[in-house]
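A quick write-up on the structure given underneath.
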Amino acid sequence: MIDVIRIDAAAHQVWKGQEPLRLRPTPYRMLVCLAGRAGTVVSRAELVRAVWGSEAGANAKTVHAQVSLLRQAIGDPGDRPVYIVSVTGVGYRFTKGLAEITGAEPDAEQQEALGLAQTLHAALAELNERVGERAAELAAHRVAAAEARADSRIAAVDWVAASEARFQRDLERANGVIEALRERVRQLEERLGSGDGQAEAAL
């Protein structure tokens with residue numbers, strides 16, 4: 001006996017027979033869309049609009065991957081599916097009589113709006129992440145620039161200090177030379193003075 005898939009759309013709960021199932025949001029929306037039209041083929045484009053909000057929300061590979069996840073969640077083998085049947089070149093069909101939906105089932109427009117909202121939420125989260133990464137990059141650049149400026153200022157201060165030290169050494173050497181010249185002049189003056197005294201004594 002094949003268990004019926006029961007969906008409480010208001011509570012977002014799913015059972016297979018008496019066994020509760022845990023579905024992620026995307027497979028759940030896909031199940032509601034397919035089971036809500038059991039016995040009818042749902043094209044991939046319709047499925048994408050209902051689940052992701054727009055035909056640009058997913059490609060064929062994404063749809064196939066999500067259908068595979070849904071089949072695993074409800075125990076529907078992909079090689080011999082009972083609940084979700086692939087219709088080659090068109091889409092998928094949920095077997096009629098194997099699904100019951102109760103509660104406030106969202107219509108196609110509501111499903112499309114929900115899918116669009118979730119798509120926008122995901123895009124916003126990605127944008128926030130990129131903004132955060134860019135802000136971190138800018139902060140790192142600013143820190144690097146500040147460090148470079150600080151290094152330049154330190155280098156300038158070091159150059160000035162070195163220049164002052166060289167000037168001080170040169171000044172000390174110059175003072176030494178000047179003092180030596182003064183001493184030499186004093187000695188010459190003494191000698192000259194001594195010579196004049198000898199000359200006067202001879203007279």
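The values are calculated or read from the model by the stated rules, or taken from the named source; none is laboratory data. A quick note: this is a predicted structure, and the numbers were derived from the prediction, not measured. Virtual Cβ from ideal backbone geometry, glycine too; neighbours counted across all protein chains shown.
Being without any contact (Cβ under 8 Å) to a residue 24 or more places away in the chain and either assigned to a loop (DSSP other than H, G, I, E, B) or surrounded by fewer than 21 Cβ atoms within 10 Å (Cβ to Cβ) (or both) is the filter here, so list the residues in the stretch 46-71 that pass it. First the steps, then the outcome.
We begin by selecting, within the stretch 46-71, every residue without any contact (Cβ under 8 Å) to a residue 24 or more places away in the chain; these are 48, 55-56, 58-65, 68, 71.
Within the stretch 46-71, Glu55, Ala56, Ala58, Asn59, Ala60, Lys61, Thr62, Val63, His64, Ala65, Ser68, Arg71 meet the criteria.
Provide a single number: the residues in the stretch 72-94 that are small (Gly, Ala, Ser) and in a loop (DSSP other than H, G, I, E, B). Give the derivation first.
Residues of the stretch 72-94 small (Gly, Ala, Ser): 73, 75, 78, 86, 89, 91.
Adding the requirement that they be in a loop (DSSP other than H, G, I, E, B) leaves 75, 78, 89.
Final tally of qualifying residues: 3.
If a residue has to be within 36 Å of the chain's Cα centre (by Cα), surrounded by 15 or more Cβ atoms within 10 Å (Cβ to Cβ) and farther than 26 Å from Thr88 by Cα to count, how many in the stretch 15-45 make the cut?
1
In the stretch 103-114, how many are on the phi < 0 side of the Ramachandran plot and either more than 37 Å from the chain's Cα centre (by Cα) or modelled with pLDDT of 95 or more (or both)?
Going through the stretch 103-114 one residue at a time, the tally reaches 2.
For (1) modelled with pLDDT of 75 or more; (2) loosely packed, with under 10 Cβ neighbours inside 10 Å; (3) of a type outside the set (Lys, Arg), each residue gets a yes or a no:
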{"site": "Ala117", "(1), (2), (3)": "no, no, yes"}
{"site": "Ala136", "(1), (2), (3)": "yes, no, yes"}
{"site": "Arg142", "(1), (2), (3)": "yes, no, no"}
{"site": "Val157", "(1), (2), (3)": "no, no, yes"}
{"site": "Phe167", "(1), (2), (3)": "no, no, yes"}
{"site": "Gly176", "(1), (2), (3)": "yes, no, yes"}
{"site": "Gln187", "(1), (2), (3)": "yes, no, yes"}
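Go through (1) buried (at least 16 other Cβ atoms within 10 Å of the Cβ); (2) modelled with pLDDT of 75 or more; (3) not in a helix (DSSP H, G or I) one by one and return the number of the condition Glu100 breaks.
Just one mismatch for Glu100, condition (1).
Here are Arg29, Arg71: which of them is closer than 19 Å to Lys96 by Cβ and of a type in the set (Lys, Arg)?
Values: Arg29 fails: closer than 19 Å to Lys96 by Cβ.
Within the list Arg29, Arg71, the selection yields Arg71.
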